[in-house]
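Enquirer: My structure is below; once you've seen it, I'll send some questions.
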Amino acid sequence: MSEINGYVLNGELKTTNSGFSKWGFAQRNGRSYFIKEFIDPIWPVCQDMLTPTMVEHKKRICEQYENRSRLLYKMINDCSDGNLVQIEDFFRCGSHYYLVMEKIEAVGIEEVRCMTAEDQLRVCKALVHCLGQLHKSGIVHADIKLDNILFRRLPSGKVTGKLIDFDNCFWERQPPQPDEEIHCDLVYMAPETFMMMQTEEGTLTRAIDVFALGIVFHQILTGKAPAFDSSKFDYPFEAVLGGERLEVSAEIPNEWRQLIERMLQGDPQKRVTLSEAEVLLRGENAKAAEYRQEPFFMPAGDL
């Protein structure tokens, strides 16, 4: 069997639904892990065809990537109180970087769809909370979608939702620049993300996560995305940019229907924040105040 830095692989790493990475499962010291190999950046192990300048340039890119990743993953682990899957290890082996997390036995979305409405809403509340923890730390997930939600059964028998896949995360104070390549699923893409890709203008904020999570909630509670005129548009963001209001199903309880409608606002500044959502879902009468993000430590030179 193949081994990577002490992790014994269960088989070949796969590329299915993996974007710019490969993934698989491994064993180490009697425990099971999920392991991911990043395709880029590549440490210049083989330097025969490279000039010294090219080697140093590639090493510098890798070192910046490693420093940024280590800081980001530490912050993600630190802000989790149970519903963000912990990053157990991050390292370079040979020319590639690897990320390791605990292997978790997941409940399929089909089983979630068969749960009672009360239990489905409990899962949604857990997701509001755990994504809100990221946002309070100044981190935007940037790839919220159903495939990046892991449903896990608790010892009580209840099911909860956990966030996974932090490859596209960024600090809200250091967002992707308009000319940078952005990776996200078109089904969950916020209107402003598409506009920035087209015009190379604008700034992405945590509101892109809120829009995507609104679609995820609709899928959990109804089995499908919010409705729009599919004869004119292929994706929700297109419908919103075309002047349509996404239709939230009447089968969703009223409190949640109103919340999802606010999450799917076309104007990111008009979307509910997750701190507001948590207050609203606790049933507090006081109007939820806009979340004021506290400064967070960012060591100079690490990015």
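The values are calculated or read from the model by the stated rules, or taken from the named source; none is laboratory data. Source: prediction; values computed, not measured. Positions of Cβ are generated from backbone atoms using ideal geometry, with glycine treated the same way; all protein chains shown enter the neighbour counts.
Enquirer: Can you tell me which residues in the range 21-50 are touching a His at 6+ places or on another chain (Cβ under 8 Å) and assigned to a loop (DSSP other than H, G, I, E, B)?
Expert: ILE39, ILE42, TRP43, listed by residue number.
Enquirer: Follow-up. Does LEU186 count as part of a loop (DSSP other than H, G, I, E, B) and either touching a strand residue (DSSP E or B) at 6+ places or on another chain (Cβ under 8 Å) or buried (at least 16 other Cβ atoms within 10 Å of the Cβ) (or both)?
Expert: The answer is no for LEU186.
Enquirer: On to the next question. Specify which of the listed residues (LEU150, LEU121, LEU131) is touching a strand residue (DSSP E or B) at 6+ places or on another chain (Cβ under 9 Å) and either in a helix (DSSP H, G or I) or surrounded by 21 or more Cβ atoms within 10 Å (Cβ to Cβ) (or both).
Expert: Being touching a strand residue (DSSP E or B) at 6+ places or on another chain (Cβ under 9 Å) and either in a helix (DSSP H, G or I) or surrounded by 21 or more Cβ atoms within 10 Å (Cβ to Cβ) (or both) holds for just one of LEU150, LEU121, LEU131, which is LEU131.
Enquirer: Could you tell me how many of the residues in the range 43-94 are of a type in the set (Ser, Thr, Tyr), within 26 Å of ASP147 (Cβ to Cβ) and more than 16 Å from the chain's Cα centre (by Cα)?
Expert: Selection size over the range 43-94: 1.
Enquirer: Taking the options LEU134, LEU84, LEU72, LEU121, name whichever one is in contact (Cβ under 8 Å) with a residue 40 or more places away in the chain, assigned by TED's automatic domain parsing to the domain that holds ALA250 and within 27 Å of GLN174 (Cβ to Cβ).
Expert: LEU134
Enquirer: Of the conditions (1) under 20 Å from ARG271 (Cα atoms); (2) at pLDDT 90 or above; (3) crowded, with 16+ Cβ neighbours inside 10 Å; (4) not acidic (Asp, Glu), ARG173 clears all except one; give me its number.
Expert: With respect to (1) under 20 Å from ARG271 (Cα atoms); (2) at pLDDT 90 or above; (3) crowded, with 16+ Cβ neighbours inside 10 Å; (4) not acidic (Asp, Glu), ARG173 is out only on (3).
Enquirer: Among the residues of the range 76-127, which ones are aliphatic (A, V, I, L, M) and over 25 Å from LYS36 (Cβ atoms)?
Expert: Result: MET115, ALA117, LEU121.
Enquirer: Going through ASN5, ASN29, ASN10 one at a time, which residue ends up being over 20 Å from LYS162 (Cβ atoms) and in contact (Cβ under 8 Å) with a residue 60 or more places away in the chain?
Expert: Within the list ASN5, ASN29, ASN10, the selection yields ASN5.
Enquirer: Here are some conditions: (1) outside any helix (DSSP H, G or I); (2) closer than 22 Å to LEU264 by Cβ. GLU180 meets all but one. Which one does it not meet?
Expert: It fails just one condition, (2).
Enquirer: Please go through (1) buried (at least 16 other Cβ atoms within 10 Å of the Cβ); (2) within 26 Å of HIS135 (Cα to Cα) for PHE20 and return the number of the only condition it doesn't satisfy.
Expert: (1)
Enquirer: Could you please give the count of residues in the range 61-92 that are not in a helix (DSSP H, G or I) and not polar (S, T, N, Q)?
Expert: The qualifying residues number 10.
Enquirer: Same structure, new question: Given the structure, is ASP209 in contact with a strand residue (DSSP E or B) (Cβ under 8 Å, 6 or more places away or on another chain) and within 23 Å of PHE151 (Cα to Cα)?
Expert: Taking the combined requirement at face value, the residue satisfies it.
Okay, residues lined up against (1) surrounded by fewer than 12 Cβ atoms within 10 Å (Cβ to Cβ); (2) touching a residue at least 40 places away in the same chain (Cβ under 8 Å):
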site: GLN219; (1), (2): no, yes
site: THR222; (1), (2): no, no
site: PHE233; (1), (2): no, no
site: PRO236; (1), (2): no, yes
site: GLU244; (1), (2): no, no
site: ALA250; (1), (2): yes, no
site: PRO253; (1), (2): no, yes
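Enquirer: Give the number of residues within the range 153-170 that are polar (S, T, N, Q) and crowded, with 17+ Cβ neighbours inside 10 Å.
Expert: Residues meeting the conditions: 2.
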